[in-house]
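See below for the structure under consideration.
Readers should treat all values here as calculations from the given coordinates under stated rules, not as data from a laboratory. Just so you know, these numbers come straight off a predicted model, no measurement behind them. Positions of Cβ are generated from backbone atoms using ideal geometry, with glycine treated the same way; all protein chains shown enter the neighbour counts.
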Amino acid sequence: EDQVTQSPEALRLQEGESSSLNCSYTVSGLRGLFWYRQDPGKGPEFLFTLYSAGEEKEKERLKATLTKKESFLHITAPKPEDSATYLCGGRGTGRRALTFGSGTRLQVQP
Amino acid sequence: GAGVSQTPSNKVTEKGKYVELRCDPISGHTALYWYRQSLGQGPEFLIYFQGTGAADDSGLPNDRFFAVRPEGSVSTLKIQRTERGDSAVYLCASSFGREETQYFGPGTRLLVL
């Protein structure tokens, strides 16, 4: 059974304090590792897709990386507007559905 | 362009009642997904449509849950004999052809009293 685990559950940072969120996965024949951002009361908003170990993608203050067992979402010099829940999900071979972790709730204080 | 839309945004019902939740995917998207998200959890897969047919319904929890997509566009998730445990946010997502990225709607918040 595919499984995705995210840590920490919650993270509080000061503005400008860089950190990383972890996503550990056990997904049969990974065919994509997806990162989403979710604001309270809204649906998940797509950020990145990673397909193979060693791949990296960046968008503004966010950079996602992938190894054979984990993905990291690095947040550099975060701002209060980066506060949200960050979800990662894996897609396995032969499936279109994503298996999501429980998310990391990030709060960035000014 | 317009994103995925879902109606109603909120639904309150009583235990035992029947509810229908609607999803309008992004125009031209052939794949449509339903997920359920409980408080503090990530989305949990329910069912996936490719065109009009349900290609994967392995996530439906029991036979009280049913979904249709008769014309390959709008989809309706139907829940019979609702239970308090059905309370959650029901999310719909769509994607284009074989493109992997799923774009989510705002969700319908269902509360069963």
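Please work out the FRET efficiency for the pair B:Arg84 and A:Gln109, using the Cβ-Cβ distance as r and a Förster radius of 41 Å; give the result to the nearest 0.05.
The formula returns an efficiency of 0.70 here.
Once phi is turned into ³J(HN,Hα) by the Karplus curve 6.51 cos²θ - 1.76 cosθ + 1.60 with θ = phi - 60°, what whole-Hz value does each residue of the stretch A:7-20 show in order, with x for glycine and proline?
These are the phi-based 3J(HN,Hα) values: 8, x, 5, 9, 9, 10, 10, 7, 3, x, 8, 6, 7, 9 Hz.
Amide H neighbours of B:Gly3 under 5 Å, counting only residues 5+ apart in sequence or on other chains, H built in-plane at 1.01 Å?
HN-HN under 5 Å from B:Gly3: empty list.
Net charge around A:Tyr51, counting only other residues with Cβ within less than 9 Å of its Cβ (Lys, Arg = +1; Asp, Glu = -1)?
On the way: positive: A:Arg31; negative: A:Glu55, B:Glu100.
Residues near A:Tyr51 contribute -1 overall.
Identify the residues of the stretch A:72-105 with backbone N under 17 Å of a label point that sits 7 angstrom from the Cα of A:Glu17 along the Cα-to-Cβ direction, or state none.
A:74-84, A:105
Output the relative contact order of chain A, whole-number percent, from Cα pairs under 8 angstrom with separation of 6+ residues. Before the final figure, lay out each step's value.
Numbers: 287 pairs, mean separation 41.2, N = 110.
Contact order relative to length: 37 percent.
Just want the answer: with Cβ charges of +1 for Lys and Arg and -1 for Asp and Glu, which residue in A:Thr5, A:Leu30, A:Cys88 is farthest toward the dipole's positive end in chain A?
A:Leu30
Would you check the stretch A:3-109 for Lys pairs whose C-alpha atoms are within less than 28 Å, ignoring same-chain pairs closer than 8 in sequence, and give me the count?
11
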